[in-house]
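Below is one structure, written out as structure tokens, with a few remarks after it.
Read-outs throughout are calculated quantities, based only on the coordinates presented, and are distinct from any laboratory measurement. Because the structure is a prediction, the values reported are computed rather than measured. Backbone-built Cβ (ideal geometry, glycine too); neighbour counts: all protein chains shown.
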Amino acid sequence: MAERTVTRADLCEAVYQKIGLSRTESAALVELVLKEITDCLERGETVKLSSFGSFVVRKKGQRVGRNPKTGTEVPISPRRVMVFKPSAILKQRINAGLGGNAGGEAHGP
């Protein structure tokens, strides 16, 4: 299966083809949606898109890391990280056709 990266331009083109807005309007719509998601995440809010998944901002406290080359301990400052949690529906869709293991559960020998 060939990997392909979908870009903003691809999303704008899809909106243009499927919705029928002009290319300029399609680009503006995509940018507006992405900006709203970004603004919510900056405020620390969770963005939940039904049947797709959730973008969650988590706080990580300060911890000690280690330089893998030298072994020297280095403090890692506290920060916020974003995590994407796919919905069960999305998980099923991306696993459809992979040998009937659409639920994502592991089967042992």
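What angle, in degrees between 0 and 90 and rounded to the nearest 10, separates the Cα long axis of helix 23-42 from the longest principal axis of the Cα atoms of the chain? So the inclination is approximately 30 degrees. Other residues whose C-beta falls under 12 angstrom from the C-beta of residue 74 contribute a net charge of +2, scoring Lys and Arg +1 and Asp and Glu -1.
Residue 4 sits among other residues whose Cβ lies under 15 Å from its own Cβ, and their net charge, with Lys and Arg +1 and Asp and Glu -1, is -2.
Using alpha-carbon pairs under 8 Å, 6+ residues apart, how would you state the relative contact order of the chain in percent?
16 percent
Only lysines eight or more places from residue 85 in sequence, or on another chain, were considered; those with a Cα closer than 20 Å are 35, 48, 59, 60. Shown here for the stretch 1-86: chymotrypsin sites (Phe, Trp or Tyr not before Pro) in loop regions (DSSP other than H, G, I, E, B) with at most 14 other Cβ atoms within 10 Å, namely 52. Among the trypsin sites (Lys or Arg not before Pro) within the stretch 1-87, those in coil by DSSP and having at most 10 neighbouring Cβ atoms inside 10 Å are 4, 43, 69. Here r is the Cβ-Cβ distance between residue 31 and residue 84 and R0 is 25 Å; the resulting FRET efficiency, rounded to 0.05, is 0.80. Near residue 27: Cβ cut-off under 13 Å, other residues only, Lys/Arg at +1 and Asp/Glu at -1. The net charge is -1. Of the residues 13, 73, 31, the one that moves most in a GNM of the chain with alpha-carbon contacts below 10 Å is 73.
Helix 8-19 and the longest principal axis of the Cα set of the chain meet at an angle near 30°.
Can you give me the Kirkwood hydrodynamic radius for the stretch 1-74, using every pair of distinct Cα atoms, in Å to one decimal?
Numbers: mean 1/r = 0.0628 Å⁻¹.
Result for the stretch 1-74 stands at 15.9 Å.
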